[in-house]
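Notes to accompany the following structure.
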Amino acid sequence: MRIAIVYDSRTGTTKAAAEMMAELATSEGHQCSAVSVTDAKPGDVSSADAVCVGSWTEGLFFILQHATKATIEFIDTLTLDGKPAAVFCTYKTSPGKMLPKMAEAMTDRGAQVTGQFKARGRKVPEGFASWVDSLD
Ligand SMILES: Cc1cc2nc3c(=O)[nH]c(=O)nc-3n(C[C@H](O)[C@H](O)[C@H](O)COP(=O)(O)O)c2cc1C
């Protein structure tokens, strides 16, 4: 399967997580790359078999957390009719309700969101490997 991972990263944590996620998916036999929201092409991402979008957590550390504007603006360019999708974030204290909000934005683009993952720091978020397995 071709899995598109798109991320927004300010200081490299989300980029590193996304790259490790792409490595994991590739090692499971998928075609997968991690591309930043600024470089990703909506058409390429929309034509993948599965899509995973991630953002760093922006907010007031315990309240008002949200995905970055660039992440949501990118999601709003996608056409994902029925495709399996996932969202993820990296965070420091708490991601609050940002993952369900990202999932809702993906659902609004037609995706079937089957995974929501968070990582505190540069690592593959818990649950991502199982999500990849679920795509087979
Ligand atoms: C302006 C700003 C706001 C942040 N707000 C939150 C927050 O509300 N909750 C949280 O857990 N982390 C928050 N963080 C921490 C980052 O989300 C976290 O360090 C993230 O992993 C950084 O990812 P990046 O290195 O890809 O930019 C904030 C960071 C910044 C710079």
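Read-outs throughout are calculated quantities, based only on the coordinates presented, and are distinct from any laboratory measurement. Note that the coordinates shown come from a computational prediction; the quantities given were computed from them, not determined experimentally. Glycine gets a Cβ as well: all are built from the backbone with ideal geometry, and neighbour counts include every protein chain shown.
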When only alpha-carbon atoms are used, what values of Rg and Dmax, in angstrom, describe the chain? 13.2, 39
In which sequence would 128, 62 go, from the one with the fewest C-beta neighbours within 10 Å to the one with the most? 62, 128
Percent antiparallel among DSSP beta bridges (both partners in the chain, rounded to 5): 5 percent
Extend 7 Å from the Cα of residue 24 along its Cα-to-C-beta direction; within region 64-101, residues with backbone N under 20 Å of that point are 84-96, 98-100
Quick one: compute the contact order of the chain, relative version, from alpha carbon pairs under 8 angstrom and 6+ residues apart, as a percent. 26 percent
Take a quick pass over the chain and tell me how many lysine pairs come in under 13 angstrom between Cα atoms, counting only ones 8 or more apart or on separate chains. 5
Among 33-41, 85-93, 101-109, how do they line up by average Cβ neighbours within 10 Å per residue, starting with the highest? 85-93, 101-109, 33-41
Once you place label points 7 Å from the Cα toward the Cβ at residue 41 and residue 60, how far apart are they in nm? 4.2 nm
How many angstrom separate the Cα center of region 54-96 from the Cα center of region 5-21? 12 Å
